[in-house]
1. Could you list, in sequence order, the residues of the stretch 150-183 that are in contact with a helix residue (DSSP H, G or I) (Cβ under 9 Å, 6 or more places away or on another chain) and assigned to a loop (DSSP other than H, G, I, E, B)?
2. Among all residue pairs at least 6 apart or on different chains, which show Cβ distances below 6 Å where the first residue, located in the stretch 226-245, is under 18 Å from Cys194 (Cα atoms) and within 7 Å of the ligand (Cβ to nearest atom) and the second is in a loop (DSSP other than H, G, I, E, B) and among the aromatic types (Phe, Trp, Tyr)?
3. Using the structure shown, decide if Ser373 is exposed (fewer than 15 other Cβ atoms within 10 Å of the Cβ) and either within 12 Å of the chain's Cα centre (by Cα) or polar (S, T, N, Q) (or both).
4. List pairs: first residue in the stretch 324-342 and without any contact (Cβ under 8 Å) to a residue 60 or more places away in the chain and more than 14 Å from the ligand (Cβ to nearest atom), second residue part of a loop (DSSP other than H, G, I, E, B) and among the small types (Gly, Ala, Ser) anywhere in the structure, Cβ distance under 9 angstrom, at least six positions apart or on different chains.
5. Taking the stretch 97-127 on its own, how many of its residues are closer than 27 Å to Pro85 by Cβ, of a type in the set (D, E, K, R) and over 17 Å from the mean Cα position of the chain (by Cα)?
6. Determine which single condition Leu69 fails, assuming it passes every other condition in (1) surrounded by 21 or more Cβ atoms within 10 Å (Cβ to Cβ); (2) assigned to a helix (DSSP H, G or I).
7. Quick one: is Ala316 in contact with a helix residue (DSSP H, G or I) (Cβ under 8 Å, 6 or more places away or on another chain) and within 16 Å of the ligand (Cβ to nearest atom)?
8. What is the one condition in (1) within 20 Å of Glu361 (Cβ to Cβ); (2) crowded, with 23+ Cβ neighbours inside 10 Å; (3) touching a residue at least 40 places away in the same chain (Cβ under 8 Å) that Val286 does not satisfy?
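The values are calculated or read from the model by the stated rules, or taken from the named source; none is laboratory data. All figures in this text were calculated on a predicted structure; none of them were measured in a lab. Ideal geometry is used to build each Cβ from the backbone, glycine not excepted, and the neighbour counts take in all protein chains shown. The accessibility values were calculated without ligands, DNA or RNA, using every heavy atom of the protein model including side chains. Shrake-Rupley method; radii C 1.70, N 1.55, O 1.52, S 1.80 Å.
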Amino acid sequence: MRFSTNGIREVVGDRLTPASAVAVAGAIAQVAPRTGPVALGRDGRTSSRALSDLVAATLALSGHDVVDLGLLPTPAIQYNVPRVPAAFGVAITASHNPPEYNGMKCLDACGRSIPAETERAIEAAVAASASCAVPFDRVGELRTEPAGAARYLEGILGQVDRERVRARKFTVVLDCGNGATAVTSPELLRRLGCRVITLNGHVDGRFPGRPSEPNERTLKELIRAVPAFDADLGVAHDGDGDRTLFVDGQGRFVPGDKSLALLARDAARAGGSRAVVTPVSTSQVVEDVVQPFGARVVYTPVGSPKLTKEMERVDAVIGGEENGGVVFPQFQLARDGAMTAARLLDLLARSDRSFDALLDELPPYTLVKERVSCPPERALPVVTAVAREFADGAHRVVTLDGFKIFLDGGWMLLRPSGTEPIVRIFAEMRDPASARRLADSAVARVRETLGN
Ligand code: MG
């Protein structure tokens with residue numbers, strides 16, 4: 001099994017078997033430092049408890065002490081790793097994947113995603129079928145730590161003006177998608193004085209309510225519920241709770257880069273000239289709203305490990321992705337869905353405007369996303385040739401992940417997909433017709449270049 005952009009994810013009973021789980025756990029046992037216990041936590045999938053127990057047993061029989069944090073959102077596991085304190089962490093989760101998947105995400109002693117070198121070392125240990133079984137007198141201790149959720153919630157509450165939020169008595173419809181956040185987010189919002197109506201608010205690894213990837217298509221029920229309950233807003237998490245997407249009071253789905261823009265502006269206002277970090281695929285709206293506060297936007301390739309790494313390098317004030325993953329570095333260097341919801345409520349509590357009004361005041365942009373089939377070996381040369389044409393007359397070209405070309409009134413992004421035989425084309429302009437025109441002309445040029 002191999003690590004992808006965010007840990008190992010496989011289908012249970014297919015590639016993820018008792019034997020393969022023990023093999024990976026044995027490899028983790030080889031690589032994890034022995035300077036402290038390994039902290040272990042899991043999401044609410046049907047296979048998570050069993051996999052967690054297999055991993056815990058393998059680690060203990062390999063001489064590691066294990067602290068089991070139990071069922072928690074991934075950011076809560078990450079927050080607890082350095083506070084146990086543990087030398088290494090493992091989260092049993094497949095994030096937003098369908099219910100048949102599960103996986104493992106490995107964490108360093110700070111609770112952050114492990115670097116690529118450590119992933120390669122674990123893969124090599126799996127390939128070598130290495131075992132580090134210890135004799136009876138060196139078997140590790142297994143201990144459960146039931147206070148992880150409470151510690152995490154206290155941590156978040158310490159990051160917001162709790163009394164000010166409580167005073168506003170927000171009504172929030174919360175859609176946990178039957179994921180791990182059902183054990184933390186309802187209580188968090190209640191402790192922030194909200195009237196909380198929950199959808200899919202019990203943990204069920206079959207995800208009966210909706211797919212665990214939150215988007216405009218999967219959040220139909222929340223979109224209906226928010227105006228029906230006359231709520232201030234709707235909050236939706238993905239399966240393991242590292243992401244949050246919002247619905248406004250009128251029941252309009254809020255694209256993740258708009259909520260990121262509000263949170264980034266708030267952070268930039270407080271943080272002065274520090275950097276805001278986001279992938280190249282994020283809307284111009286983020287740059288527009290933070291620039292007046294002297295903050296600069298630093299772009300990264302797509303993918304959250306790259307985001308947090310760059311945030312650390314440039315000492316960013318905030319970072320985030322259009323899929324609803326936002327990182328608040330003063331809390332922890334990890335995407336955190338509950339923290340995202342709490343900070344948005346804190347921002348609303350300090351504003352005299354509604355969530356809807358704040359969204360309507362953001363600069364309007366239309367982002368058109370297109371894809372063109374392309375053999376993988378031709379993707380980069382084709383993208384490079386087409387980008388060169390459009391770069392004529394550009395203000396700036398960012399070449400971190402494909403080509404992001406800044407033009408009058410907007411930008412376009414041309415990049416080969418990392419996972420599929422396609423070229424991705426994004427075009428964003430203030431008015432919808434210009435965005436459409438720009439995307440169409442890029443699609444046409446990619447097709448023509450491919451045809452030659
Ligand atoms: Mg996730």
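1. Once the filter is applied, which keeps residues that are in contact with a helix residue (DSSP H, G or I) (Cβ under 9 Å, 6 or more places away or on another chain) and assigned to a loop (DSSP other than H, G, I, E, B), the stretch 150-183 yields Gln159, Val160, Asp161, Phe170, Cys176.
2. none
3. Yes, satisfied.
4. From residues that are without any contact (Cβ under 8 Å) to a residue 60 or more places away in the chain and more than 14 Å from the ligand (Cβ to nearest atom), the pairs are Pro329/Ala316.
5. Total meeting the criteria: 5.
6. (2)
7. For Ala316, the condition - in contact with a helix residue (DSSP H, G or I) (Cβ under 8 Å, 6 or more places away or on another chain) and within 16 Å of the ligand (Cβ to nearest atom) - is not met.
8. Among (1) within 20 Å of Glu361 (Cβ to Cβ); (2) crowded, with 23+ Cβ neighbours inside 10 Å; (3) touching a residue at least 40 places away in the same chain (Cβ under 8 Å), Val286 violates only (3).
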